[in-house]
Amino acid sequence: MDTTLDIAAIRADFPILSRTVYDRPLVYFDNAATSQKPRCVVEAIEKVYYNQNANIHRGVHYLSQVATEAHEEARQTVQAFINAAESREIIFTRGTTEAINLIATSFGETFCNEGDEILITGMEHHANIVPWQLLRDRKGIVLKVVPFNERGELDMEAFSKLLSPKTKLVSVAHISNVMGTVNPVAKIIAEAHAHNIPVLVDGAQAVSHMPVDVQALDADFYVFSGHKMYGPNGIGVLYGKEKWLEQLPPYHGGGEMIATVTYEKTTYAELPFKFEAGTPDYVGSVALGEAIRYMQKFGLKAIGDYEHQLLQYATEQLMKIDGMRIFGTAAEKASVISFLVRDIHHFDMGTLLDKLGIAVRTGHHCAMPLMHTLGIEGTIRASFAFYNTKEEIDALVAAVDRVQKMF
Amino acid sequence: MTINEAQDRVIEEFSEFSDWMDKYAYLIDLGNSLDPIDEKAKIPQNLIEGCQSRVWLDAAEQEGKVVFTAESDAVIVKGIISLLIRVMSGHTPDEILEAELYFIDQIGLKEHLSPTRANGLLSMVKQIKLYALAFKAKS
């Protein structure tokens, strides 16, 4: 394939990619669930524990200062990565899910009252549905859903109509984890802002596939997870515009997030610490910073372009199989293919692909309402990262073809 | 035939397949030929729902023995259920409750024992035992 990236060298950075499963070379196509980790990220974790482990922001001793510095440097790395205006706009969370829950709680409790509306889309995963339903149960808000067309593109006319004086927030996935649709978030944000409505963008599926600039987008909140972007598990990011974060109350209480505590009254720390109760994952943050530097070495544009070629090639090849149905054919699409072959159950296909060494995701992908809209129980999902190859796609296509002949 | 004799028979059958492809082709055959469950039994109470596929399991008592019928929307799961039913159906509640199922592991389908895969074969076994317990309590 035509790319400036040296894929063979990149693959060598990911030891797991050269292992076998059931005596076959592993083909890992479950990247939308979690990505594999390059050696430098794992080594960064090791380095923290071996050389500089100490609790941060607390000690006067040398190690604590080194660890604190590394953690805060990582925050700046994240800030630069998404072009946030200030590093205090970067809140470390456990992941996308926690970040959305934080906003649903802190923003919801502050700005939402009975009858107010939160607008989401018909292609959200459960993490961008359930926190709002919990808010609905607490505050009596109304959840409204923007539909999508047969290609898996948002119905922007419906979106405009659903915006109302009661809308308090729009929360939308940047990229659908099931259909790969890249949503027009800049347009959504501009239109919402015209009505003074803030927008939360769930970037879990976006940040490892395309350059993201939160200031250019003018997003009010932007959330993502470390583990889907070659970083470690258990750390993620909530970006919030300072003007919003200043107005929101803390989410969790405890150490780190306080200024002073007496039994009568507690005053809270400045941003970002107000939202980071307890000992933060200062190992994860450093490793996440390393993952970002790793991606930046190649450039998100080059990564996205190469993955797009993989997507196009895989789509063309898979479509040659009789009875192939691909869910999600948006004009703007990231490297995710959800499919079914005839009426073969996704579990049957997935089980047999696994035996052929191919790791795909099967089921509803934590997006049951979306499956319901499509009128299916689940799909087989192949999602590509920039360490994947054309040869691996050939292996997938051959395997799908072989399996479908068994039914 | 006791439950263990039935298990041993299944293990013997599967030992004839040298590769997994043949095993799964056989499971697909078994799945396709499993008698469908009575439509009236396809009710939520009989449904074991998971992330991957759905399974309906029903039981009736005939002359002190428990007879199972089941269905799934996935064919491989149906194949495994048909083996499960072959082994467990037609025995007394006590026999079913005491049974230790070792055949799934031995025929090389161990991965289907994990709690989430195959919709938890373990939850199917648990459900089978719960039915046995219910019939035992009634008798």
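Any read-out appearing in this document is the output of simple, stated calculations on the displayed coordinates, not a laboratory observation. Note that this is a predicted model, so its numbers are computed, not measured. With ideal geometry, Cβ positions are generated from the backbone for all residues, glycine too; neighbour counts draw on all protein chains shown.
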**Message:** Rounded to whole Å, give me the distance from the Cα center of segment A:165-232 to that of segment A:85-137.
**Reply:** 12
**Request:** Counting other Cβ atoms within 10 Å, keep those with at most 16, restrict to DSSP loop, and tell me which GluC sites (Glu not before Pro) in segment A:122-183 are left.
**Result:** A:E150
**Item:** Cross-link reach list, aspartates and glutamates versus B:K78, counting only Cα pairs under 13 Å and skipping chain neighbours closer than eight places
**Value:** A:D348, B:D29, B:D35
**Fill in**
Net charge near A:H57 (other residues with Cβ under 15 Å of its Cβ; Lys, Arg +1; Asp, Glu -1) is -3
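In segment A:329-407, what GluC sites (Glu not before Pro) fall in a loop by DSSP, with at most 16 other Cβ atoms inside 10 Å?
A:E332
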**Prompt:** Mind checking which of A:A194, A:A104, A:A302 has the largest fluctuation in a GNM of chain A, springs on alpha carbons under 10 Å?
**Reply:** A:A194
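Within segment A:322-407, list the trypsin sites (Lys or Arg not before Pro) lying in a DSSP loop whose Cβ has at most 13 other Cβ atoms in a 10 Å radius. The partial results should precede the final answer.
Values: sites: A:R325, A:K333, A:R342, A:K355, A:R361, A:R381, A:K390, A:R402, A:K405; in loops: A:R342, A:K405.
Those that pass, being in a loop and sparsely packed, are A:R342, A:K405.
How high is the FRET efficiency between A:A9 and A:E46 when r is their beta carbon distance and R₀ equals 25 Å, given to the nearest 0.05?
On the way: r = 22 Å, r/R0 = 0.88.
Efficiency for this residue pair is about 0.70.
Exposed loop sites here are GluC sites (Glu not before Pro) in DSSP loop states with at most 12 other C-beta atoms within 10 Å. What is the longest stretch of chain B lacking them? Working shown, then result.
On the way: sites that count: B:E16, B:E63, B:E100.
Answer - B:17-62.
For segment A:123-245, rounded, prolate or oblate, judged on the Cα gyration tensor with a ≥ b ≥ c (square roots of eigenvalues), a/c < 1.5 rounded, else prolate if a/b > b/c? Please report the intermediate quantities before stating the final value.
Working: a/c = 1.36, a/b = 1.26, b/c = 1.09.
Verdict is rounded for segment A:123-245.
Can you flag which of A:K405/B:K110; A:K405/B:K65; A:K37/A:K187; A:K139/A:K241 are past 28 Å Cα-Cα?
Values: A:K405/B:K110 25 Å; A:K405/B:K65 40 Å; A:K37/A:K187 33 Å; A:K139/A:K241 24 Å.
Over 28 Å apart, Cα to Cα: A:K405/B:K65; A:K37/A:K187.
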**Item:** Label point distance in nm, B:E98-A:K265, each placed 7 Å from Cα along Cα→Cβ
**Value:** 7.3
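When DSSP assigns beta bridges and you keep just the ones with both residues in chain A, what percent turn out antiparallel, to the nearest 5? Working shown, then result.
Details: 28 of 46 bridges.
If I count the DSSP bridges inside chain A, around 60 percent turn out antiparallel.
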**Prompt:** GNM on chain A, C-alpha springs below 10 Å: top fluctuator among A:Y294, A:Y62, A:Y306?
**Reply:** A:Y62
